[in-house]
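Peer 1: First the structure, then my questions, so here it is.
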Amino acid sequence: MLNTFAGLVCLVLIVVVTGCNDSGLDSETNAVAIGQVCIADSIGTLRLLGKLPTCDKDGSSCRDACLAGDALSCLSKAYIAQKKEFGEDEAILFFHRSCLLGSAHGCTNYAASIWASSHTDARLTCARRTFEKACQAKEPFACGMIGRLILEGPTTPDQIKEGRRYLEAACDELEGFPCRVLAKHLETGKLGNYDHKVIRTLLKRACAGGDPDGCGEPITAAETFH
């Protein structure tokens with residue numbers, strides 16, 4: 001399973017990069033990555049790709065393969081960058097390139113970096129559009145994040161109904177993260193009445209669908225979100 005969504009909540013900085021840097025990505029790529037253009041307008045049909053390649057210790061082999069056009073190498077390099085102190089900016093650039101190269105997981109992580117940082121309404125709209133494109137590829141974390149964007153923040157009664165219907169459908173189809181998001185929002189009472197036993201069922205479905213935070217018998221869904 002790909003390390004989708006790894007370190008999402010740690011991506012709290014907006015990338016401000018000009019010129020060339022240690023990532024090897026050029027200034028044009030960096031300009032797009034900091035939000036001058038919505039990436040959803042630059043990507044076509046996304047794909048769920050295979051196993052991540054193993055990089056050398058400093059990630060240079062994956063960096064080189066990424067720059068040569070390998071989307072999975074971009075993902076591996078991004079995850080390596082996330083583990084470094086102050087590596088968030090570099091990780092975002094490689095998620096961005098992975099997304100441009102057609103990786104649904106790269107787009108999910110890149111959109112998550114927008115959502116987790118300070119953002120304008122336009123940037124948040126871009127994040128949702130990017131999640132939607134990744135969700136079309138059946139990437140469960142992207143689908144779950146759409147549910148969060150619908151429900152977290154000011155909502156109308158119609159939006160609450162939309163969010164519940166959306167998450168229930170995504171959970172039924174994909175399991176994984178959408179099930180855990182649904183459980184979280186059911187617990188708040190915002191979505192209306194529910195059988196309390198369903199929370200345990202939803203968390204088990206999240207775990208079975210590849211969302212590790214749903215595993216381990218958590219008492220509540222809320223405690224699995226950090």
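Peer 1: To make sure I understand, if each residue's beta carbon is the centre and we count other beta carbons within 10 Å, what order do Cys55, Cys215 fall in, fewest to most?
Peer 2: Cys215, Cys55
Peer 1: Given region 138-226 reduced to its alpha-carbon atoms as identical point scatterers, what log10 I(q)/I(0) does the Debye formula return at q = 0.21 Å⁻¹?
Peer 2: Each listed q maps to, in turn, -0.92.
Peer 1: How long is the gain from Thr220 to Glu85 if the chain were fully straight, where each residue apart is worth 0.36 nm and the alpha carbon distance is subtracted?
Peer 2: Extra length available between Thr220 and Glu85 comes to 45.4 nm.
Peer 1: Straight-line reach from Lys197: which aspartates and glutamates have Cα under 20 Å away, leaving out those fewer than 8 places along the same chain?
Peer 2: Glu168, Asp172, Glu175, Glu187, Asp211, Asp213, Glu217, Glu223
Peer 1: Related question: Could you please state, rounded to a whole Å, how far the C-alpha centre of region 170-211 is from the C-alpha centre of region 33-88?
Peer 2: Rounded to whole Å, the Cα centres lie 30 Å apart.
Peer 1: Right, another one. Going toward the positive end of the dipole of region 80-209, with +1 on Lys and Arg Cβ and -1 on Asp and Glu Cβ, which of Asn109, Pro140, Ala91 do you reach last?
Peer 2: The residue sitting most towards the positive pole is Pro140.
Taken together, the values in this text are just the output of simple stated rules run on the coordinates, not laboratory data. This is a predicted model, so every value here is computed, not measured. With ideal geometry, Cβ positions are generated from the backbone for all residues, glycine too; neighbour counts draw on all protein chains shown.
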